[in-house]
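So the structure is just underneath, and the comments pick up after that.
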Amino acid sequence: MTIKQQVLKVLLENKGKSVSGEELGKQLYCSRNAVWKAIKSLRDEGYKIVASTNKGYSLIEETAALTVETIKKYINCDCEITLIDKIDSTNNFIKQKADEGEKEGFVAVAKRQTGGKGRLGRSFFSPESGTYLSILLRPDFSAEKSLFITTAAAVAVCRTIEKVSNKQAGIKWVNDVFIGNKKVCGILTEASVDFETGGLFYAVVGIGVNLYHPKDNFPKDIQQIAGTVFDENIDNDLKSKFIAEIINSFFEIYNNFENSDFMKEYKQKSIIIGKKVTVIKGKDRQNAVALDIDDNARLLVEYENGEKEKLFSGEVSIKV
Ligand code: BTN
């Protein structure tokens, strides 16, 4: 056990009471300075430890808060994380950072969003019971391939759900993650394109996950479709692990883009292949069957008149 873990153990055993630095040092055979360092590190992790003169340290809250440190503990890739209590949209925040020259791998995580953005100009409900993050990318592939970023993020979220919550997740082309018949995650990729070269100045992939049930329920218009990854509220350690796993899994795929195995996984996880769907283009709605997803993440559909089309983006809804 490290000194930090031992200090935490003693403070937990004496919860609500004060233990002096001298006493901790004596019990743990270490200097008061080492105790002080351990206390500082525990506070950085979010433990609420108060110090009172002549009395010592007292732990007033057992559960660690969500902090950059609690997330970083689980990170195994090269990225820089910033944690924000409340923001309109992490995608907007990252776009601004990108315009200011921030590097690839900059990640913004928000505890909640006040103007969360969904696809096709919709809003994305973003209370504290979810997690919202955006990643800045500077890929050297063409804008055409940017759809891969969304698909990589969808696979990363599925892997995370399966690893951390043990539930099975599926993907509804192109950017929604489902558990059973409920949407638990949405992904919005935005990019700044260099029209001269067809390349990307940058891309921002934004991921929003409903972790547990919101205190005041989901808004009426999404109550039938929205679901959560966990059935109960989760603590900040598990939340940190979940966030870190999404980032780790995403970069594992992104850093090996030439290996398109993740597209196989994307297809395997698809919940719409073989299903009757409605293809929505503006005001136009057409019935079709979803036949396949190709290696460029385009959806092959067959309309009722036998015509086939490969969809690059847009919207399909599944018929039940
Ligand atoms: C959708 O379901 O239509 C896409 C939702 C994308 C939501 C995420 S949350 C983090 C990032 N910030 C935003 O404003 N949107 C994305």
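The values are calculated or read from the model by the stated rules, or taken from the named source; none is laboratory data. A quick note: this is a predicted structure, and the numbers were derived from the prediction, not measured. No Cβ is skipped: glycine too gets one built from the backbone with ideal geometry, and neighbour counts run over all protein chains shown. Areas reflect the complete protein model, heavy atoms only, side chains present, ligands, DNA and RNA absent. Shrake-Rupley method; radii C 1.70, N 1.55, O 1.52, S 1.80 Å.
Residues in region 96-135 that are more than 7 Å from the ligand (Cβ to nearest atom), assigned to a loop (DSSP other than H, G, I, E, B) and of a type in the set (Lys, Arg): 1 in all. For residue 93, the test of being aromatic (Phe, Trp, Tyr), in a loop (DSSP other than H, G, I, E, B), buried (at least 16 other Cβ atoms within 10 Å of the Cβ) and within 13 Å of the ligand (Cβ to nearest atom) is failed.
Return the residues of region 238-274 that are among the β-branched types (Val, Ile, Thr) and in a helix (DSSP H, G or I); say none if nothing qualifies.
To start, the set of residues in region 238-274 that are among the β-branched types (Val, Ile, Thr) comprises 243, 246-247, 253, 271-273.
Across region 238-274, the qualifying residues are 243, 246, 247, 253.
Check whether at least one residue in region 152-162 is at pLDDT 95 or above and either within 9 Å of the ligand (Cβ to nearest atom) or hydroxyl-bearing (Ser, Thr, Tyr) (or both), and report yes or no. Yes, that holds for at least one residue. Would you check if there is a residue in region 11-28 being among the hydroxyl-bearing types (Ser, Thr, Tyr), open to solvent by less than 30 Å² (accessible area, probe 1.4 Å) and in a loop (DSSP other than H, G, I, E, B)? No; the residues of region 11-28 include none that is among the hydroxyl-bearing types (Ser, Thr, Tyr), open to solvent by less than 30 Å² (accessible area, probe 1.4 Å) and in a loop (DSSP other than H, G, I, E, B). Taking region 291-301 as the range and being open to solvent by less than 60 Å² (accessible area, probe 1.4 Å) and under 17 Å from residue 281 (Cα atoms) as the test, the residues that pass are 299, 300, 301.
Looking only at residues in region 52-90 that are among the hydroxyl-bearing types (Ser, Thr, Tyr) and farther than 21 Å from residue 108 by Cβ, which one is farthest from the ligand (Cβ to nearest atom)? Walk me through how you get there before you give the answer.
Filtering region 52-90 for residues among the hydroxyl-bearing types (Ser, Thr, Tyr) gives 52-53, 57-58, 63, 67, 70, 74, 82, 89-90.
So of that shortlist, the ones also farther than 21 Å from residue 108 by Cβ come out as 52-53, 57-58, 63.
Details: 52: 41, 53: 44, 57: 38, 58: 38, 63: 25 Å.
Among them, the one singled out is 53.
Could you count how many residues in region 116-142 are under 20 Å from residue 228 (Cα atoms) and not charged (D, E, K, R)? Lay out the reasoning, then the answer.
Step one: of region 116-142, the residues under 20 Å from residue 228 (Cα atoms) are 116-119, 122-134.
Applying the additional criterion that residues be not charged (D, E, K, R) yields 116, 118, 123-127, 129-134.
Number satisfying all stated conditions: 13.
When you look at residue 272, is it over 18 Å from the mean Cα position of the chain (by Cα), at pLDDT below 95, surrounded by 11 or more Cβ atoms within 10 Å (Cβ to Cβ) and among the aliphatic types (A, V, I, L, M), yes or no? Here the answer is yes, as residue 272 does meet what is asked. Per the conditions (1) among the acidic types (Asp, Glu); (2) closer than 21 Å to residue 213 by Cα; (3) assigned to a loop (DSSP other than H, G, I, E, B), the sole criterion not satisfied by residue 85 is (3). A residue that is surrounded by fewer than 17 Cβ atoms within 10 Å (Cβ to Cβ) and within 12 Å of the ligand (Cβ to nearest atom) occurs nowhere in region 136-143.
Being open to solvent by 80 Å² or more (accessible area, probe 1.4 Å), touching a Lys or Arg at 6+ places or on another chain (Cβ under 6 Å) and not in a helix (DSSP H, G or I) is a description that does not apply to residue 49. Taking region 155-237 and the strands (runs of 3 or more DSSP E) fully enclosed by it, the elements with 1 or more residues that are touching a Phe, Trp or Tyr at 6+ places or on another chain (Cβ under 7 Å) and loosely packed, with under 14 Cβ neighbours inside 10 Å are at 182-194.
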